[in-house]
Amino acid sequence: MADAISMDRFRSVDLVVTTKPDMTPVSDADRAVETALRAAIADSRAGDSVRGEEFGVEPGAGSDSRRQWIIDPIDGTKNYVRGVPIWATLISLAIDGVPVVGVVSAPALGTRWWGATGQGAFVNEQLGALHSDQARRIHVSQVSELADASMCLSGLTRWENAGRLPQLLALTRQVWRTRDYGDMWPYMMVAEGLLEVSGEFDLQVYDMAALVPIVREAGGTFTSVEGEDGPWHGSALATNGLLHDRVIAALA
């Protein structure tokens, strides 16, 4: 449903884009996707609360609900409004604040990733095909040395604002390769074993919650840059697990 809405507006000449108080862009597609997802959740899971980027937190029918759906209707809005295909809808279910289900659906890339605690992580690279139910299980790489690692730590200005730019630059000299693919994609590459390290600062929980179960179920590790568990601490660091402690130490 989200894919249909977002793709219908992608690269449309009448896309309406405005600026939010935090100076980030929002399109009519962002709001339409989140509105539709909230309605679907209210219809099928009325007792659950919803936290979304565009419309905040809405309690469930039971105010003490342990279950919360966390939505980023279009992660990568700046890409979306420029016609760059690297963007996705992020949907997560958190129970007692722990993300246990994550879906990252990137229709412009023809790809959807998902994972659930104890159920594994998967990717479907045939969205839109006649037989689009083809999925394969994914797993992080077994690269165990920084010198062999491929890394994507996004947003140089954010690292500079966090006082970590010198550490970041030093780490780039220790790894095999550095690239910045942007937004949700590098975290999914970690889960698929295509990268070993991904991370960034200045994030919200809706930017990260859906990523957590996928990375972890693929065998990786997901924390803040400081090593704090979960998506609640304003930054993200995802690795194949084998390199996690060394990356944290290098960035400290």
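The values are calculated or read from the model by the stated rules, or taken from the named source; none is laboratory data. None of the values given here were measured: they were computed from a predicted structure. Cβ coordinates were reconstructed from backbone atoms using ideal geometry, including for glycine residues, and neighbour counts include every protein chain displayed. The protein model used for the area step is the full one, side chains on, heavy atoms only, and it has no ligands, DNA or RNA in it. Shrake-Rupley method; radii C 1.70, N 1.55, O 1.52, S 1.80 Å.
Brief remarks follow.
- Rolling a 1.4 angstrom probe over the protein heavy atoms with all chains in place gives the chain an accessible area of 46 Å² per residue.
- For q = 0.14, 0.16, 0.21, 0.27 Å⁻¹, Debye-computed log10 I/I(0) when each Cα of the stretch 139-196 counts as one equal scatterer: -0.39, -0.50, -0.82, -1.12
- Here the 3J(HN,Hα) profile of the stretch 184-192, calculated from phi with Karplus coefficients 6.51, -1.76 and 1.60 at θ = phi - 60°, is 6, 4, x, 5, 5, 5, 4, 4, 7 Hz, Gly and Pro shown as x.
- Size descriptor, Kirkwood hydrodynamic radius, that averages inverse alpha-carbon separations across the stretch 132-172, Å: 13.0
- Dimensionless Rg over Rh [the stretch 119-252; C-alpha; Kirkwood]: 0.98
- Selection from PRO213, ILE138, GLY76 lying farthest towards where the dipole of the chain points positive, charges on Cβ: ILE138
- Surface share of carbon and sulfur [accessible, 1.4 angstrom probe, percent] for the stretch 184-240: 45
- Applying Stokes-Einstein at 4 °C and 1.567 mPa s to the Kirkwood radius of the stretch 30-142, computed over alpha-carbon pairs, gives a translational diffusion coefficient of 85 µm² s⁻¹.
- Across the accessible surface of the stretch 81-122, with the other protein chains kept in place and a 1.4 Å probe, carbon and sulfur atoms take up 60 percent.
- Taking θ as phi - 60° and the Karplus parameters 6.51, -1.76 and 1.60, the scalar couplings of the stretch 108-115 work out to 5, 9, x, 9, 9, 10, 7, x Hz in sequence order, x denoting glycine and proline.
- For the chain, the mean projected area of the C-alpha convex hull, equal to one quarter of the hull surface, is 13.5 nm².
- Size of the stretch 191-252 as Cα extents on the principal axes (Å, biggest first): 26, 25, 16
- Residues whose amide H comes within less than 5 Å of that of VAL225, counting only those at least five positions distant or on another chain, are SER235, ALA236, LEU237 (H built at 1.01 Å from N in the peptide plane).
- Largest first and in whole Å, the equivalent-ellipsoid semi-axes of the stretch 81-149 read 22, 19, 15, each the square root of five times a Cα gyration tensor eigenvalue.
- Charged-residue dipole, Cβ positions (Lys, Arg, Asp, Glu), the chain about Cα centre, Debye nearest 20: 360
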